[in-house]
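The values are calculated or read from the model by the stated rules, or taken from the named source; none is laboratory data. Every value quoted in this text rests on a predicted model; they were computed, and no experiment measured them. With ideal geometry, Cβ positions are generated from the backbone for all residues, glycine too; neighbour counts draw on all protein chains shown. For the accessible areas, the whole protein counts, side chains as well, though only heavy atoms, and no ligand, DNA or RNA atoms are used. Shrake-Rupley method; radii C 1.70, N 1.55, O 1.52, S 1.80 Å.
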Amino acid sequence: MVNVRKEVSRIKRRLVLTKFFDCFLDSVLISLLISSFLVFFGLSFLLALGVGGGYLLFGFIRSAKKSSISEIEKKVPGLEWQLRTAVDNFGKNNGIINDLNNEVATKVGFVGFYDLISGKRTIKRFGGLIFLGVLLFYIQSSGFNLIDTVEELGGEGVGSLTGFFGGGETSIEDLSEIQGEGSLAELGGKELELELGTEANRADLGSEGEYKQDSGGQSYNGRIGGSQDKTFNENINLDEKSIVERFYNNLNK
Amino acid sequence: MISNLKSSGEVKTAIDEVLSHIGYIVVGQEEAIRQTIISILCGANALLEGYPGLAKTLTVNSLSKLMDLNFSRIQGTPDLMPSDIIGTHVLEERGGKREFSFQQGPLFSNIVLMDEINRATPKTQSALLEAMQEKQVTVGTQIFKMDKPFFVLATQNPVEQEGTYPLPEAQCDRFLFKIKSQYPKFEEELEIVNRFTEEEREIDSLKPVLGRENIINLQKMVRQVPVANDIKHYAVDLVNKTRSHKELIEFGASPRASLGLLMASKAKALIEGRNYVNKEDINEMALPILRHRIILNFEAERNNFDADAVIKYLLK
């Protein structure tokens, strides 16, 4: 007489393993999806691993609890109602039941891991895994993130919205809102536009830097310009300091 | 003759052979024939409802030949007395002594066809009850056991209700099935015409396929067919529904219906070569098992629902 109980226990274990595999694939998918999202915003993907791990644990426990004989029957149509009948009639012994047990044991023997997993669903999951994996790799390798992209497209106010994410130097070109409009100053008959750089305050006079001082009878042919960084060191020769000071004084009038 | 049936596969082969042999005499009526066989295998009785000329007698007679069982036919009439079917004591002279001995009536047979049962008086109908349920007959102080297997197939005509005595509920409940005999399809009727106008096919030409012992063995095998707990719940739930749907059914089926439903499903599974019962077996058997056991209320009848329509609704 076939020990159908042993065979049923074996197929139940196989079903639980299938459940674990399904949950594992789902959790990897979820992790990848959340990782892509986080990397997109320049955040660490450790959070995604946590969520994926949590899903694996709780999802597996939940689905393992739900697993039943009828689920195996649904996945293996040849066993429909037979397996359940054999399980419900454990211990009974007559010719018909023995035949049923033999039949069930034989069929269960041929049921493998691949019969219990859903082919279409697994293929879809693998498809999703590959897609998300490629997407994540692309985002990581290109250094792409949403904030840079929006800024490049001229988005305004992004800095204030996503200030939380802006850890490094900003490349915002239009700093007029922060630093004010560039001033126009008349210097003799010429118009000069003074621009303030982002890293240091600098007056760039361009070609007009070739300034000839004629009011005081002195002439200066060097490049006039000043820059100020955090050390406030000015790269102006001390000998020419008076000329530069006068120039700025004129500007400030 | 087939002997010593052991597995469901062998049973299927044997029943298929019976069906093919009966097809030599009876054209169509496959469903009615299958249900009659199931009824015999369950050791129960069946009520066959159909118009005259639908091969009811021919079917039962052919089955008795193929199963090597005794067959008797009783015509229900208003003047039919219980003693006419059960038998009576007659005075006999043996060795110079006169004594009463019991002369068995036509009821003492393996297969009894009670034709137009609803034309017999309630008194005669009731005489059948004990035989149908207990498989025994009590005459005076004597109890006579019926031969095994014992099967009553009663017929009734769905029309011409004048002068009939409708079967009481208690008696209806004792029939496992109410089988509906349908008119043959056009092709089948053409085959009947061709077959029986060109050649004579005698029932006596049928040779037994299953013996009496085989039938008794099959009845035991039916009980051995295992049923899953889910199927038992489903069957009992269905019968319970007939009692709870008061909007359509005035009186539901008795627990005898649950028993019958499972037994019939087991027999159906066995003759189909399966050693387990599935949900389709229950669904298919529900109609002939329940249709004579429920009484529809006025609302259902007002909406022109018949018992089959209500059972189908319950199965949804």
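Taking region A:1-26 on its own, how many of its residues are more than 13 Å from A:ILE117 (Cα to Cα) and either in contact with a Gly (Cβ under 6 Å, 6 or more places away or on another chain) or among the polar types (S, T, N, Q) (or both)?
2
Please find, within region B:3-27, the residue that is nearest to the other protein chains (Cβ to nearest Cβ) out of those that are within 12 Å of B:LEU218 (Cα to Cα) and not in a loop (DSSP other than H, G, I, E, B). Break it down into steps so the answer makes sense when it comes.
As a first pass, look at region B:3-27 and keep what is within 12 Å of B:LEU218 (Cα to Cα): B:3-8, B:10-12, B:14-15.
Retained after the next criterion (residues that are not in a loop (DSSP other than H, G, I, E, B)): B:8, B:10-12, B:14-15.
Details: B:SER8: 6, B:GLU10: 10, B:VAL11: 10, B:LYS12: 12, B:ALA14: 15, B:ILE15: 15 Å.
Looking at the filtered set, the residue picked out is B:SER8.
Looking at region A:74-102, which of its residues are in contact (Cβ under 8 Å) with a residue 12 or more places away in the chain and facing chain B (nearest Cβ under 7 Å)?
Within region A:74-102, A:GLN82, A:ARG84, A:THR85, A:LEU100 qualify.
Please give the number of the condition B:ALA120 fails out of (1) over 30 Å from B:SER3 (Cβ atoms); (2) surrounded by fewer than 23 Cβ atoms within 10 Å (Cβ to Cβ).
Exception for B:ALA120: condition (2).
Which of the residues that make up region B:20-60 are open to solvent by 40 Å² or more (accessible area, probe 1.4 Å) and under 26 Å from B:ILE289 (Cβ atoms)?
B:GLU30, B:GLU31, B:ARG34, B:TYR51, B:PRO52, B:THR57, B:LEU58, listed by residue number.
Quick check on region B:235-258. Is at least one of its residues in contact with a Phe, Trp or Tyr (Cβ under 8 Å, 6 or more places away or on another chain) and either closer than 25 Å to A:THR85 by Cβ or within 14 Å of chain A (Cβ to nearest Cβ) (or both)?
No, region B:235-258 contains no residue that is in contact with a Phe, Trp or Tyr (Cβ under 8 Å, 6 or more places away or on another chain) and either closer than 25 Å to A:THR85 by Cβ or within 14 Å of chain A (Cβ to nearest Cβ) (or both).
Going by the structure shown, is B:GLY53 free of Cβ contacts under 8 Å to residues at least 60 places away in the same chain and in a loop (DSSP other than H, G, I, E, B)?
The answer is yes for B:GLY53.
What's the number of the only condition in (1) within 14 Å of another protein chain (Cβ to nearest Cβ); (2) open to solvent by less than 80 Å² (accessible area, probe 1.4 Å) that B:ARG223 fails to meet?
(2)
When the residues of region B:135-165 are filtered to those that are out of contact with any strand residue (DSSP E or B) (no Cβ under 9 Å at 6 or more places or on another chain) and more than 21 Å from B:SER101 (Cβ to Cβ), which remaining residue is surrounded by the most Cβ atoms within 10 Å (Cβ to Cβ)?
Only one residue tops the list, namely B:TYR165.
For region B:96-103, check the following and say yes or no: at least one residue is out of contact with any strand residue (DSSP E or B) (no Cβ under 7 Å at 6 or more places or on another chain) and within 30 Å of A:GLY95 (Cα to Cα).
No, because not a single residue in region B:96-103 is out of contact with any strand residue (DSSP E or B) (no Cβ under 7 Å at 6 or more places or on another chain) and within 30 Å of A:GLY95 (Cα to Cα).
List every residue pair whose Cβ atoms lie under 8 Å apart, where the two residues are 6 or more positions apart in sequence or sit on different chains, the first residue falls within region A:53-73 and is at negative phi, and the second residue, located anywhere, is of a type outside the set (A, V, I, L, M) and assigned to a loop (DSSP other than H, G, I, E, B).
A:GLU73/A:GLU80; A:GLU73/A:TRP81
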